[in-house]
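Asker: Supplied in structure tokens, the structure appears directly below.
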Amino acid sequence: MNNSVTINAANQEIFRPIRVGTMALDHRLVVPPHGGGGGHLIGPVESFEQHCAHWLSKLDGGMQWLGGAATFVANPLPPGFVAVGVGANGPGWFRHPSFVERMGDYAGRIHARGGFVSCQMVLQGGMPLGPSPVVTGYADHRIPHVMSLDEVEWMVREYGSSAALAAEAGVDAIEIHANHDDLVQWFLSPISNHRTDRYGGSPEARRRFLREIVAAIRARIDRPITLGLRLNLDEKIEGGYGIDDCCEMVAGFTADGGIDYFSFDIGGNWGAPSYIPSAWHRGDRHGDDWADLCGIAKQATELPVVYAGRVANAARAAEILAAGQADLIAMARSTMADPEHVTKVRLGRADEVRPCIGLNECIHAHMVDGLPYGCGSNPRWARESEPGQPPAVSASARKEILVIGGGPGGTEFAGLAAERGHHVHLWERNDHLGGALAIAAAARANAQYRDWITWQAGRLERAGVHVTLGRSATIADIFAVRADAIVVATGATPRQPMIEGVDATHVVQAADALAGALLGRRVLVISEDDGPAPLSVADHLAGLGHQVTLA
């Protein structure tokens, strides 16, 4: 009963109409601009179709305001310099011959379904330009070319012209990316802007570049359109600006006019926290976020405020809205994990929302590892346009299927097969589901992994999968079932490094350490990869009071 009351209260907070500039919205959850999704607005036709399929899946799932992909402004490269850094782009997208046509097609599809779309203007990681010869990209420590007054003025005009092209294509809103590692942020921040001309030296002078961009956009667009600023609540870096400086900026831009809303996040590309917070920040009532800072910034303006910190579920979104800390909540990764997030919450089925557990594979797989986009929670994400994707496909003939193994692979297969109409049995030899993920969830850094396991167990029950725990599979058992298909999903065994002494009695695998193996006061964690797993194990053991050395 209490849970039902909570869900109803969340619905009341979330599903209150609001107007943002020219857009009349019927609820308070939005999808912020982001680059992931496996497609490209101005890429080959197949890539464009995947781009559209990715975003439209969120619209079909109940979202109304889509941020759209980040769109790069042209970078006026000085001779001898190239654009480097995360998201760096030389010619930009707006000047591409296909931009207006493609953006118009994309916007038209969204409008046909009753949605709204933003175009975010980005010069993120836009080296080699900068307001001053100061390191801003801490991955390569390159010194930027200092923009002359002529180059600053050219850049302002380019923002205006590019925004006009987006407006011509039919977008509903323009958002200026003035945060994490963007050229505009470098002008706003005292750590990167050391100019002594009219674009630096005081907070008001550091804001001049962005103020002129806003004015140029308004001057070039001859129809009503929504214009917003994406700002950093706190750079969280020594020498940068904090919440008081952010409030001063917000009050200034509100007084200037021309802005319809503010969108806030926190951190940067290289700091802690990252602007894409890791799973340490759970994004629910049990984890820390920065909504309180957003609430402080909101007091500096009467315009609508979007909070884009890590908000992992609707319950947390409703709390932030109820506290008056924001007017709208941006959810990116949560809609990657489940694009039907809004519809399920609206229908009172919040417990059916596939959870985002903050693995950050959505950005790491592509940006860091050079692999196709992927989500550690939702295998369908970034593959929406591929044939045979659920839920459209149903089984043509009902089959008896036996799945052996209740880890992520086995449970995902079992759930999907049952949802397509098959009769599925799943055997798991342990007394719980989750497999290796359940072991990983024992580490304090990975507590949110349990959310996925709990959700998957509920999904299997709803889909009618017959789950048997504590059952090992023998050859005789398997043949006795007479299944049409047998799926073996028994996972893998840990790889043991070939080093002297590894078979000693006081040497244990990480899984055994997390399971409570008897360890001494001093523990050496030997890692052969640089991913989060060994770090989470070392941290967990240190939290238990062990003296830990990580090799």
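The values are calculated or read from the model by the stated rules, or taken from the named source; none is laboratory data. Not measured: the values here are computed from a predicted model. Cβ atoms come from the backbone with ideal geometry, glycine included; neighbour counts cover every protein chain shown. SASA here: full protein model, heavy atoms, side chains in, ligands and nucleic acids out. Shrake-Rupley method; radii C 1.70, N 1.55, O 1.52, S 1.80 Å.
Asker: Please work out if Ala169 is closer than 22 Å to Val305 by Cα and at pLDDT 95 or above.
Answerer: no
Asker: Quick check on my filter: what residues within region 58-85 are at pLDDT below 95, open to solvent by 10 Å² or more (accessible area, probe 1.4 Å) and within 17 Å of the chain's Cα centre (by Cα)?
Answerer: Result: Ala69, Ala70.
Asker: What are the residues in region 320-332 that are in a helix (DSSP H, G or I) and buried (at least 20 other Cβ atoms within 10 Å of the Cβ), if any?
Answerer: Ile320, Leu321
Asker: Could I ask something else about it? Give me a count of the residues in region 131-173 that are among the hydroxyl-bearing types (Ser, Thr, Tyr) and open to solvent by less than 10 Å² (accessible area, probe 1.4 Å).
Answerer: Number satisfying all stated conditions: 3.
Asker: Checking the structure you have, find out if any residue of region 403-410 is under 19 Å from Ile478 (Cα atoms) and among the hydrophobic types (A, V, I, L, M, F, W, C).
Answerer: Yes; the residues of region 403-410 include at least one that is under 19 Å from Ile478 (Cα atoms) and among the hydrophobic types (A, V, I, L, M, F, W, C).
Asker: Which one is least open to solvent (accessible area, probe 1.4 Å) among residues in region 528-551 that are in contact with a Leu (Cβ under 7 Å, 6 or more places away or on another chain) and assigned to a strand (DSSP E or B)?
Answerer: Once the filter is applied, the top-ranked residue is Val548.
Asker: Being surrounded by fewer than 18 Cβ atoms within 10 Å (Cβ to Cβ) and modelled with pLDDT of 80 or more is the filter here, so list the residues in region 265-295 that pass it.
Answerer: Selection gives Asp292, Gly295.
Asker: Let me ask something else about it. What pairs can you find where one residue is in region 427-447 and of a type in the set (Asp, Glu), the other is open to solvent by 20 Å² or more (accessible area, probe 1.4 Å), and their Cβ atoms are less than 6 Å apart, with a gap of 6+ or different chains?
Answerer: Filtered contacts from region 427-447: Glu428/Leu469; Asp431/Leu469; Asp431/Gly470.
Asker: Give Ser189, Ser202 a once-over and let me know the one that is in contact with an Asp or Glu (Cβ under 7 Å, 6 or more places away or on another chain) and not aliphatic (A, V, I, L, M).
Answerer: Result of the check over Ser189, Ser202: Ser189.
Asker: Restricting to region 335-380, name every residue that is in a loop (DSSP other than H, G, I, E, B), modelled with pLDDT under 95, more than 13 Å from the chain's Cα centre (by Cα) and of a type in the set (A, V, I, L, M).
Answerer: Across region 335-380, the qualifying residues are Leu347, Leu371.
Asker: Exactly one of these conditions fails for Ala112: (1) of a type in the set (A, V, I, L, M); (2) within 19 Å of His54 (Cα to Cα); (3) open to solvent by less than 40 Å² (accessible area, probe 1.4 Å). Give me its number.
Answerer: (3)
Asker: Then there is this: Quick check: is even one residue across region 415-434 assigned to a loop (DSSP other than H, G, I, E, B), modelled with pLDDT of 95 or more, open to solvent by 30 Å² or more (accessible area, probe 1.4 Å) and touching an Asp or Glu at 6+ places or on another chain (Cβ under 9 Å)?
Answerer: Yes: region 415-434 contains one or more residues that are assigned to a loop (DSSP other than H, G, I, E, B), modelled with pLDDT of 95 or more, open to solvent by 30 Å² or more (accessible area, probe 1.4 Å) and touching an Asp or Glu at 6+ places or on another chain (Cβ under 9 Å).
Asker: Right, next: For region 481-527, which residues satisfy the criterion of being touching a residue at least 60 places away in the same chain (Cβ under 8 Å) and part of a strand (DSSP E or B)?
Answerer: Ala485, Ile486, Val487, Val488
Asker: Also, quick follow-up: Taking the residues in region 6-20 that are aliphatic (A, V, I, L, M) and assigned to a helix (DSSP H, G or I) as candidates, determine which candidate is modelled with the lowest pLDDT.
Answerer: Ile7
Asker: Give just the number: which of (1) under 15 Å from Ala443 (Cβ atoms); (2) modelled with pLDDT of 90 or more; (3) of a type outside the set (Ser, Thr, Tyr) does Pro532 not satisfy?
Answerer: Result: Pro532 passes all but (2).
Asker: Related question: Condition (residue is open to solvent by less than 10 Å² (accessible area, probe 1.4 Å), at pLDDT below 95, closer than 29 Å to Leu416 by Cα and small (Gly, Ala, Ser)) applied to region 296-315: is it met by at least one residue?
Answerer: yes
Asker: Considering only region 42-57, state which residues are within 19 Å of the chain's Cα centre (by Cα) and either under 30 Å from Val146 (Cα atoms) or open to solvent by less than 20 Å² (accessible area, probe 1.4 Å) (or both).
Answerer: Hits for region 42-57 are Gln50, His51, Cys52, His54, Trp55, Leu56.
Asker: I'd like to verify a number: residues in region 21-57 that are modelled with pLDDT of 90 or more, in a loop (DSSP other than H, G, I, E, B) and small (Gly, Ala, Ser), how many?
Answerer: 2
Asker: Sticking with this structure for a sec: Going by the structure shown, is Asp234 modelled with pLDDT of 90 or more, among the charged types (D, E, K, R) and touching a Leu at 6+ places or on another chain (Cβ under 9 Å)?
Answerer: yes
Asker: Quick check on my filter: what residues within region 160-201 are touching a strand residue (DSSP E or B) at 6+ places or on another chain (Cβ under 8 Å) and either among the aromatic types (Phe, Trp, Tyr) or free of Cβ contacts under 8 Å to residues at least 24 places away in the same chain (or both)?
Answerer: Trp186
Asker: Hey, another quick one. Output the number of the condition that Arg230 fails; it satisfies all remaining conditions of (1) within 18 Å of Gln299 (Cα to Cα); (2) over 28 Å from the mean Cα position of the chain (by Cα).
Answerer: Of the numbered conditions (1) within 18 Å of Gln299 (Cα to Cα); (2) over 28 Å from the mean Cα position of the chain (by Cα), the odd one out for Arg230 is (2).
Asker: Being open to solvent by 60 Å² or more (accessible area, probe 1.4 Å) and acidic (Asp, Glu) is the filter here, so list the residues in region 452-480 that pass it.
Answerer: Listed by number, the list holds a single entry, Glu461.
Asker: Please work out if Phe253 is surrounded by fewer than 24 Cβ atoms within 10 Å (Cβ to Cβ), among the aromatic types (Phe, Trp, Tyr) and either touching a His at 6+ places or on another chain (Cβ under 7 Å) or at pLDDT 95 or above (or both).
Answerer: yes
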